[in-house]
Amino acid sequence: MNEFPKITIITPSYNQGHFIEQTIQSVLNQKYPNLEYFVIDGGSTDNTIDIIKKYEKDITYWVSEKDKGQSHAINKGLDKATGDIINWLNSDDYYEPHTLFKIATAFNRGEHVKVVCGKSRLFNSKKTVGHSSGTDVYTDNLAKTIGWARIDQPETFFKAEVVKKMGLLDNRLHYLMDRDWWIKYLFLFGIKGVVKIPDILVNFRYHDDSKSISQHEKFQIEHDTYYYALARQFGLAKYAKIIADSFEINDRFVVQIENEPDSKLLEESFNYYLLLRANEMYAQNMAPQANKLLKEIQVDLLAEEDKILWKKLQFRNKYIPKPILNLWRNTVSKIRR
């Protein structure tokens with residue numbers, strides 16, 4: 001890559017006229033010399049189009065027409081993308097100054113770099129509510145990275161050649177399309193091509209209409225459905241049954257992953273997925289459900305530090321009185337807020 005590799009940014013939008021101007025400004029004000037910027041609107045009926053037109057001379061391409069949702073809108077941009085580096089920025093978030101320069105510098109470390117991940121600031125209308133450490137990458141533990149598979153999409157940028165191999169987003173996914181991409185990447189390339197940088201790159205907005213807040217239950221159903229379909233596709237009937245018996249799922253969904261990963265890696269990954277869900281259920285005061293999942297885990301397939309987590313969960317669920325557990329959870333919850 002040259003000093004300023006071409007970066008393609010896609011902004012999908014729909015009726016976010018009260019936020020999108022800040023999003024567009026944050027991209028254009030980067031003053032990055034090799035930028036390709038698309039705004040793909042789903043036929044907004046508010047003031048979004050007026051705002052887009054205000055900046056259209058500096059936008060590479062924009063369109064406003066009915067689409068099939070966020071994934072479909074992003075795919076329209078991906079079809080047109082000619083950049084060396086690609087990502088999307090939703091119309092309610094915005095970049096920090098110099099974000100694209102920092103991304104370009106990280107990719108220019110060498111040909112081995114395929115993904116660059118930064119950090120983000122989480123905020124609402126009143127204040128900063130926290131900071132994300134970025135996409136989770138567990139050093140030397142690909143199975144855990146797949147099984148827990150948490151991606152902070154806004155600050156995770158992919159090399160174009162990688163995007164070509166992963167393919168377009170799955171239009172059927174409305175909440176997990178970025179995680180599907182991340183899992184596909186991990187199956188294809190592992191974690192050695194991922195570089196994490198310490199910079200805050202993105203401001204991620206929490207508001208009443210954001211999916212992260214308003215549609216959490218639907219997100220969880222799609223999450224469990226995805227891992228159920230993944231188990232079924234690769235012939236892991238045991239894990240498919242555990243998931244189907246434990247969670248609400250859509251049993252008609254089929255994942256779109258062409259390459260078949262190593263069978264041992266898959267089994268390890270599913271044990272990490274069960275550990276993650278057991279931990280979440282424990283935190284939600286669902287001890288019986290958590291215990292059920294803990295019994296299904298093959299502990300010998302976990303790393304030593306994760307065996308400790310498994311033991312702690314078992315101990316807490318079995319021996320700590322429920323009133324003390326509730327007090328502990330409430331204390332932890334207040335600290336995290």
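What follows draws every value from the coordinates through simple rules; no lab data is involved. Every value quoted in this text rests on a predicted model; they were computed, and no experiment measured them. Note that we place each Cβ from the backbone using ideal geometry, even for glycine, and neighbour counts take in every protein chain shown.
Side notes on the structure shown:
- Eligible lysines near Lys311 by straight Cα distance, threshold 16 Å, same-chain separation 8 or greater: Lys292, Lys295
- Taken about its Cα centre, the chain carries a charge dipole of roughly 1080 debye when the Cβ of each Lys and Arg holds +1 and the Cβ of each Asp and Glu holds -1.
- Restricting attention to the chain, close to 30% of DSSP beta bridges with both partner residues there are antiparallel.
- Under the criterion of Cα pairs below 8 Å and six or more residues apart, the relative contact order for the chain equals 15 percent.
- Rule-of-thumb Rg ratio for the stretch 45-107 [Cα; 2.2 N^0.38 Å; N residues]: 1.28
- Protection proxy ranking, highest mean first, for peptides 300-307, 23-30, 132-139: 23-30, 132-139, 300-307, where packing is the per-residue count of other beta-carbon atoms within 10 Å, averaged.
- Cross-link reach is defined here as a Cα-Cα straight distance under 21 Å, omitting same-chain residues fewer than 8 places apart; for Lys6 the lysines meeting it are Lys31, Lys57, Lys76, Lys80, Lys102, Lys114, Lys159, Lys164, Lys165, Lys196.
- Selection among Val137, Phe315, Ser26 by position relative to the dipole of the chain gives Phe315 as farthest towards the positive end (Cβ unit charges, Cα centre).
- Rel. contact order, % - alpha carbon contacts under 8 angstrom, at least six apart, the stretch 234-324: 24
- With a Förster radius of 41 Å applied to the beta-carbon distance between Asp136 and Val63, the computed FRET efficiency rounds to 0.75.
- Total formal charge among the other residues, if their Cβ is under 15 angstrom from that of Lys54, Lys/Arg +1 and Asp/Glu -1: -4
- Environment charge of Arg277, counting only residues whose C-beta is closer than 12 Å and scoring Lys/Arg +1, Asp/Glu -1: -2
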